[in-house]
There are 2 protein chains.
Amino acid sequence: MDVIELLWGEPAGPRRGPRPTLTVGDLARAGIELADAEGLAAVTMQRVAEALGVTKMATYRYVPGKDELVALMVDTALGAPPPLDDLDGWRPKLRAWSLAMNERMQAHPWSVRATAGPRVTGPNELTWAEVALAAVDGLALDGGQKMDVIVALTSQVRSLVEQTADNSEERISATWMTILDGRGERFPHVVAALASSARHSSRDQGLTFGLDRILDGVELYLSRQ
Amino acid sequence: MDVIELLWGEPAGPRRGPRPTLTVGDLARAGIELADAEGLAAVTMQRVAEALGVTKMATYRYVPGKDELVALMVDTALGAPPPLDDLDGWRPKLRAWSLAMNERMQAHPWSVRATAGPRVTGPNELTWAEVALAAVDGLALDGGQKMDVIVALTSQVRSLVEQTADNSEERISATWMTILDGRGERFPHVVAALASSARHSSRDQGLTFGLDRILDGVELYLSRQ
DNA sequence: AGACACAGTGTACGATAGACACAGTTCGAC
DNA sequence: GTCGAACTGTGTCTATCGTACACTGTGTCT
């Protein structure tokens with residue numbers, strides 16, 4: 001069994017032998033709880049098994065290995081996308097879609113880090129793509145460009161979530177202050193930018209600013225076609 | 001010694017005792033070579049030490065731990081940003097900056113994955129920020145917005161690099177085909193988008209499309225101020 | 001000259017992912 | 001109804017990895 005089969009396979013039919021005490025969903029949920037509470041590093045086969053009251057090796061009856069478990073956790077944590085039918089127009093739809101994705105990922109910040117590197121797209125993730133592509137249906141873009149728009153929005157969300165995952169904003173600022181202390185003359189523009197943004201510029205403002213610039217850019221592109 | 005000191009500290013002055021046979025730079029370079037050749041997973045203290053002809057534990061005389069070594073590798077691999085002085089105007093500068101960053105990261109795809117999660121900004125990384133912020137100097141944006149623009153561009157580059165890091169484009173397509181095979185009716189828009197983009201839409205086109213949309217969006221925003 | 005600080009080594013430990021053999025359990029075929 | 005095959009969870013074992021610690025040798029400062 002590989003990742004594709006695990007994520008996409010049919011739920012197993014009636015089989016011989018003792019009934020499994022668990023389901024793959026149980027594993028995913030246990031892993032997600034652990035990751036939410038203590039971070040991705042706390043997710044070990046041992047601890048997932050403990051949480052479910054079985055031995056470490058029993059988990060290998062459900063998933064081929066840890067990587068596959070994490071892939072499952074990611075897709076489960078993402079969940080199904082919200083419906084966008086009640087919104088009118090591609091732009092409000094894409095904006096709501098991006099903000100919804102932000103909320104989901106913010107709830108499970110570890111999922112961004114877990115999806116670094118090559119991986120297989122899960123059913124939920126592909127459904128998110130499907131919904132977004134439906135929103136841009138009919139626009140004067142070819143398929144590649146439509147996907148590029150989705151990728152741009154996703155990148156923005158992922159980056160912002162990652163940036164403030166475990167680091168609180170104050171911690172980041174504090175680190176930068178430490179670094180810039182005594183070295184400010186080498187980075188005058190950084191110092192100036194930090195100074196003139198101290199008041200406002202929360203994380204959410206950064207996200208919406210970026211998203212709105214991208215959407216503006218797409219709108220402009222469409223109007224020029 | 002912590003990460004900040006390692007990345008930002010002065011090169012050690014004259015000290016007592018035997019001369020170190022290595023430098024932190026040697027460690028970083030050895031790690032980078034390993035990661036370039038065999039991926040980030042191949043970077044173990046053992047193998048870095050082997051490559052340098054010392055024992056595993058000797059490396060701990062130079063770096064406090066593996067995380068710090070990786071942070072050092074990332075900043076070293078990124079290198080100093082190119083000068084943008086010969087370019088005129090914020091837009092060509094930011095575009096060149098983004099493409100330069102893309103090239104650097106593409107040369108060391110593992111660095112994107114290595115920078116997932118909370119980490120300390122290194123000197124080279126901060127210099128990239130400084131150069132980009134200098135490019136948007138004088139624009140009608142506050143410091144936070146300037147940083148938001150940089151973040152948006154960086155996100156775009158990082159995402160695209162990550163997407164095609166170890167996966168070749170063909171491999172990605174093949175995986176999607178496998179998944180969509182027999183499940184296409186559940187994802188009609190995904191199928192349609194893939195079909196109408198089969199011909200063109202290389203990775204680089206995706207990158208420049210996204211970058212140009214963001215820059216368009218910023219330009220529009222400025223013109224509306 | 002001698003003390004001290006520091007470099008590299010060797011050994012050891014705990015955590016981790018995972019292989020494998022085994023005992024008990026349930027279903028299907030006869 | 002019985003028996004065998006398939007399957008589940010367990011226990012044991014191994015390889016790998018990061019890192020702590022004690023030790024030996026070396027070069028510099030007093």
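What is the mean number of Cβ atoms from other protein chains located within 10 Å of the Cβ atom of each residue in peptide A:137-148, rounded to a whole number?
On the way: counts 4, 0, 0, 0, 4, 6, 13, 12, 10, 7, 8, 11.
If you average over the peptide's residues, the count of other-chain Cβ atoms is 6.
Listed values for the stretch B:49-63 are Karplus-derived 3J(HN,Hα) couplings in whole Hz (6.51 cos²θ - 1.76 cosθ + 1.60, θ = phi - 60°), namely 4, 4, 4, 9, x, 10, 7, 3, 5, 5, 5, 6, 6, 10, 10, and x replaces Gly and Pro.
Remark: the stretch B:204-210, residue by residue, has Karplus-estimated 3J(HN,Hα) of 5, 5, x, 5, 5, 4, x Hz, where x stands for each Gly or Pro and the curve is 6.51 cos²θ - 1.76 cosθ + 1.60 at θ = phi - 60°.
Where a ≥ b ≥ c are the square roots of the eigenvalues of the C-alpha gyration tensor, would you call the stretch A:118-204 rounded, which needs a/c under 1.5, or, failing that, prolate if a/b is larger than b/c, or oblate? Taking the square roots of the gyration eigenvalues as a ≥ b ≥ c, the stretch A:118-204 is prolate. Pop a pseudo-label 7 angstrom from the Cα along the beta-carbon direction at both residue B:38 and residue A:137 and give the gap in nm to one decimal. Going by the 7 Å Cα→Cβ label model, 5.0 nm. Residue order for A:120, A:149, fewest other beta carbons within 10 angstrom first, comes to A:120, A:149. Using R₀ = 51 Å, calculate the FRET efficiency as 1/(1 + (r/R₀)^6) where r is the Cβ-Cβ separation of residue A:87 and residue B:16; round to 0.05. E between residue A:87 and residue B:16, to the nearest 0.05, is 0.15.
Distances between copies at residue A:16, taken between label points 7 Å from Cα along the C-beta direction, are 7.5 nm in increasing order.
Per-residue Karplus couplings for the stretch A:131-140, computed as 6.51 cos²θ - 1.76 cosθ + 1.60 with θ equal to phi - 60°, are listed in order as 4, 5, 5, 5, 5, 9, 4, x, 6, 7 Hz, Gly and Pro entered as x.
Placing a label point 7 Å from the Cα of residue B:195 along the Cα-to-Cβ direction, the distances to the matching points in the other copies come to 5.9 nm, shortest first. Its Cα gyration tensor gives the stretch B:3-77 an equivalent ellipsoid, and the semi-axes of that ellipsoid, as √(5λ) in whole Å with the largest first, are 20, 15, 10. Counting from the shortest, the label point at residue B:103, 7 Å from Cα toward Cβ, is 4.3 nm from the same position in each remaining copy. The angle between the Cα long axis of helix A:66-78 and the longest principal axis of the Cα atoms of chain A comes to about 60 degrees, rounded to the nearest 10. Computed per residue of the protein assembly as shown from DSSP H runs no shorter than four, each worth -39500 (n - 2.57), the mean residue ellipticity at 222 nm is -20000 deg cm²/dmol. Exceedance of the 31 Å cut-off in Cα-Cα distance is limited, within the set A:56/B:66; A:66/B:66; A:66/A:146; A:146/B:66; A:93/B:146, to A:66/A:146; A:146/B:66.
Of A:173, A:112, A:127, which is farthest along the charge dipole of the stretch A:80-224 in the positive direction, counting Lys and Arg as +1 and Asp and Glu as -1 at C-beta? Value computed over the given set: A:173. Only the Cβ atoms of Lys and Arg (+1) and of Asp and Glu (-1) were treated as charged; on that basis the dipole of the stretch B:79-224 about its Cα centre amounts to roughly 400 debye. For the protein assembly as shown, a crude dipole built from +1 on the beta carbon of Lys and Arg and -1 on the beta carbon of Asp and Glu, taken about the Cα centre, is about 880 debye to the nearest 20.
According to the Cα-based calculation, Rg over Rh for the stretch A:80-224 is 1.04, with Rh computed by the Kirkwood formula. Mind checking the angle between helix A:143-163 and chain A's longest principal axis? C-alpha axes, 0 to 90 degrees, to the nearest 10. Taking Cα atoms only, the helix is inclined about 90 degrees.
Values in this text are rule-based calculations from the coordinates and carry no lab data. The model shown is predicted, which means the values in this text are computed figures rather than measured ones. As a convention, Cβ positions derive from the backbone with ideal geometry for all residues, glycine included, and neighbour counts pool all protein chains shown.
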